[in-house]
Amino acid sequence: MAAYEDKETPCRVHVKWCGKFYVTEIGHSPLDVVAWHGNYAPFKYDLRTFSPVGAILFDHPDPSIFTVLTAPTEEAGTANVDFVIFPPRWLVAEHTFRPPWYHRNIMSEFMGLIHGQYDAKEEGFVPGGMSLHNMMLPHGPDAPGFEKASNTELKPVKLDHTMAFMFETRYPQQLTRYAAELETLQDNYLECWDGLERKFDGTPGIK
């Protein structure tokens with residue numbers, strides 16, 4: 001239902017523009033209009049109804065299979081922004097490291113957990129938590145997640161009661177001063193990769 005506020009008393013309006021905040025006083029409520037211009041309309045979508053495409057034999061597909069909305073660019077393989085979710089799903093791939101692999105790419109990834117657990121960081125990523133991995137910054141599962149995925153029996157598993165999201169963009173993202181000074185920052189985030197051991201020995205993998 002559209003809502004409005006018919007109030008003819010002074011109101012203070014805060015505006016964020018180009019990374020800075022501005023404030024002004026107006027003589028009425030700015031919420032006194034019930035309309036919009038052009039072909040845009042408010043829309044509410046239940047993320048639980050989204051059905052991703054997945055690997056049903058082996059290999060790890062690109063996370064683009066989880067894209068709900070995208071704003072593509074003229075350059076193939078990049079986007080101004082993708083909105084991606086990681087909903088409940090079946091994990092069935094054989095001979096495959098199932099969590100997201102260790103990688104870096106040309107896209108910046110801002111990720112958050114709405115509820116449940118994230119399979120690549122079961123302990124260190126809590127609901128309401130967010131992470132930012134800017135372009136070309138290496139990242140991947142934490143050490144416990146790697147060990148669990150490397151040694152578990154690869155039988156069909158339902159990853160349930162979880163919902164994570166990601167905004168992925170070809171542009172670098174920067175923290176505001178407010179975000180950079182929050183007391184709830186996880187200062188030991190880098191330690192989640194402590195304990196990862198070198199596994200490469202030149203043995204050919206499965207083709």
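Side notes on the structure shown:
- Computed extension gain for T203 through Q174, at 0.36 nm per residue and net of the alpha carbon distance, reaches 6.4 nm.
- Taking the chain as the region of interest, the number of lysine pairs whose Cα atoms are within less than 22 Å, with members eight or more places apart or on different chains, is 8.
- Summed over qualifying helices (DSSP H, 4 residues or more, each -39500 (n - 2.57)) and divided by its residue number, the chain shows a 222 nm mean residue ellipticity of -1500 deg cm²/dmol.
- Relative contact order, percent, the chain [alpha-carbon distance under 8 Å, six or more residues apart]: 19
- In terms of overall dimensions, segment 16-101 has a Cα radius of gyration and Dmax of 20.4, 66 angstrom.
- In order along segment 193-201, the phi-based Karplus estimate (6.51 cos²θ - 1.76 cosθ + 1.60, θ = phi - 60°) of 3J(HN,Hα) comes to 9, 5, x, 5, 9, 5, 10, 5, 9 Hz; Gly and Pro are listed as x.
- Working ranking of peptides 100-112, 51-63, 74-86 by packing, defined as the average number of other Cβ atoms within 10 Å per residue, highest first, is 100-112, 74-86, 51-63.
- In percent, rounded to a whole number, the relative contact order of segment 29-128 is 20, using alpha-carbon pairs under 8 Å and six or more apart.
- A3/F50 FRET efficiency (R0 30 Å; Cβ-Cβ; nearest 0.05): 0.65
- The chain gives an Rg/Rh value of 1.05, both radii derived from C-alpha positions and Rh following Kirkwood.
- Neighbourhood charge, 15 Å Cβ-Cβ cut-off, centred on V34 and excluding it, Lys, Arg +1 and Asp, Glu -1: -2
- Segment 39-57-segment 155-169 distance, computed between alpha-carbon centres (Å): 13
- Total formal charge among the other residues, if their Cβ is under 11 angstrom from that of T70, Lys/Arg +1 and Asp/Glu -1: -2
None of the figures in this text is laboratory data; all of them are computed from the coordinates on show. Being a predicted model, the structure only gives us computed values, none of them experimental. Methodologically, a virtual Cβ is constructed for each residue, glycine included, from the backbone with ideal geometry; neighbour enumeration extends over all protein chains shown.
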